[in-house]
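The values are calculated or read from the model by the stated rules, or taken from the named source; none is laboratory data. Not measured: the values here are computed from a predicted model. Cβ coordinates were reconstructed from backbone atoms using ideal geometry, including for glycine residues, and neighbour counts include every protein chain displayed.
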Amino acid sequence: MYRQYDSVDVIVIGSGFAGLAAAIVAAQAGCSVRVLEKRDFCGGNSWISGGALAAVDSAMQDRYGIADSTKLMFEDMMRAGRCNNPELVQLVCEHSYDVLQWLRKDFGVKFMPRLEQLGGHSVPRCHNIEDIQGRNIINPMLEMARDLGVQIHMESVMEALIQCDDGAVIGVELRNPEGAQQLFAQQSVILASGGFSDEAAGANALRTSLNDSTSEILHIAEQAGAELVDMEHLQMLPCASPDEEGRGVAPVFASYVIFPYGLMINPETGQRFVNEWTDRKTRADKMLALSACPIGITDQQALDIVGDMIYDHMDEKVTRRFDSLEALAAFHQLPYDVLKETVTTYNDYVARGCDDDFAKPIPVKAKPLKAPFYSVRLWPKAHSTMGGVRINAQAQVMTPLGNPIPRLYAAGEVTGGVHGMSRLGCCAITECLVFGRIAGEQSSVLNPTAETIS
């Protein structure tokens, strides 16, 4: 018999996309829900994310003449990830439209009336919320959660899972400003605490994530019997810049105007070295093999194609403007004659719609590069972790023997298996919402344990 200090139906660890999705769905099913957030603010890395999600929206894509399907999205994710769990990937793709509509209809999230194609995707299927800020999803989710009576406790750190003799999870031990406490779950506990990129990257590494993105919840889950998978895979964001702290403006600028419409140059040779529009891991690996930061180059025409939104993601110390290619080469100490030849060759590929060197897809709207030019020094930053607890299609946390741990669920970056070695851009929010909702639905079904919680 445990001494019960407090109890609710469902306990959620973490208040990002996955945690709030789980909490909201469980609360809508009639459960009392408490969210435990270790920080002094809600959202975590979801709050500072780019706020775009990949989804197959056939009606919208048809209007733009885009042929897409869940099968094609599945193939793109599997190709980028190399070792993904196909069952989990299939769920993300099949429910991508559902979560997109959920944000639109239930939360009033406003999306731009356009579709983007990010590296590794075969077609445009990325939906940007207004201002491309994750907080514009988190805020309405928080509002709904509170309206539903979800209790959100800040500065509450889970220190252990409480289990019955049969392994079923019946609560958590936590520490908050008031001290150590026990909180019991009448139905389930959901882990949605995010990734551990701060630890995975190392103390002095460049990163886009918060510096307290750590793995303590994974260790607790492992002690409770969970299997950890894909822990060796850290995603490096190839569109980041060393000329700014954290995420900054470079990821949007590079993703939307450099990689599709421009090129990336090895500063030592003045030549291209990779398909700029391939998946993140392929690009990052090629960049990390260089001895100096590559230079991303685009032009005013690309900015005009993308539109006014791109100017919110520019900084003169990061996204630099040059009136000539020669001036750009001089500033970055690039071999001008070779660079000029590289740009001439690339422009020929754009005009013909075929990249003979790296098979980069040439966007229909792309034009041969011309002055004025823009450049960004690029370097991969630690962005997110691919590994975590193994889950099944019901978001149940699994043991090494392939059995679910009763009453323990997980969703979001705390899990492994969905993305394999490399996550495609814009798929993180989709995955968090899909599995957050599944965890909320499954955990709201009463699953009594062998012992009474009282």
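When segment 287-312 is filtered for residues that are over 21 Å from Lys367 (Cβ atoms) and not hydroxyl-bearing (Ser, Thr, Tyr), the ones remaining, listed by number, are Met287, Leu288, Ala289, Leu290, Ala292, Cys293, Pro294, Asp312.
Only one of (1) crowded, with 20+ Cβ neighbours inside 10 Å; (2) within 15 Å of Ile429 (Cα to Cα) fails for Cys31. Which number is that? Here Cys31 clears every test but (2).
Run down Gly440, Gly417, Gly436, Gly388 and say which single residue is within 29 Å of Glu276 (Cβ to Cβ) and in contact (Cβ under 8 Å) with a residue 12 or more places away in the chain. None of the other options fit; the residue is Gly417.
In segment 295-318, what residues are more than 13 Å from Tyr256 (Cα to Cα) and surrounded by 14 or more Cβ atoms within 10 Å (Cβ to Cβ)? Show your work before the answer.
To start, the set of residues in segment 295-318 that are more than 13 Å from Tyr256 (Cα to Cα) comprises 295, 315-318.
Of everything in segment 295-318, those that are more than 13 Å from Tyr256 (Cα to Cα) and surrounded by 14 or more Cβ atoms within 10 Å (Cβ to Cβ) turn out to be Ile295, Asp315, Val318.
For segment 378-419, the set of residues classified as within 30 Å of Lys317 (Cα to Cα) and hydroxyl-bearing (Ser, Thr, Tyr) consists of Ser384, Thr385, listed by residue number. Evaluated against (1) within 23 Å of Ser422 (Cα to Cα); (2) of a type outside the set (Ser, Thr, Tyr); (3) outside the structural domain of Phe196 (by TED's automatic domain parsing), Ala351 falls short on exactly one condition, (1).
Taking segment 369-378 as the range and being closer than 30 Å to Ala201 by Cα, surrounded by 21 or more Cβ atoms within 10 Å (Cβ to Cβ) and not hydroxyl-bearing (Ser, Thr, Tyr) as the test, the residues that pass are Val376, Leu378. In segment 132-139 there is no residue that is within 20 Å of Leu237 (Cα to Cα), in contact with a strand residue (DSSP E or B) (Cβ under 6 Å, 6 or more places away or on another chain) and in a loop (DSSP other than H, G, I, E, B).
For Gly402, the test of being surrounded by fewer than 21 Cβ atoms within 10 Å (Cβ to Cβ), of a type in the set (Gly, Ala, Ser) and not assigned by TED's automatic domain parsing to the domain that holds Asn45 is failed.
In this structure, is Pro124 outside the structural domain of Asp279 (by TED's automatic domain parsing), modelled with pLDDT of 95 or more and out of contact with any His (no Cβ under 6 Å at 6 or more places or on another chain)? Taking the combined requirement at face value, the residue satisfies it.
Of everything in segment 242-294 that's polar (S, T, N, Q) and under 19 Å from the mean Cα position of the chain (by Cα), which residue is surrounded by the most Cβ atoms within 10 Å (Cβ to Cβ)?
For segment 242-294, the residue satisfying everything is Ser255.
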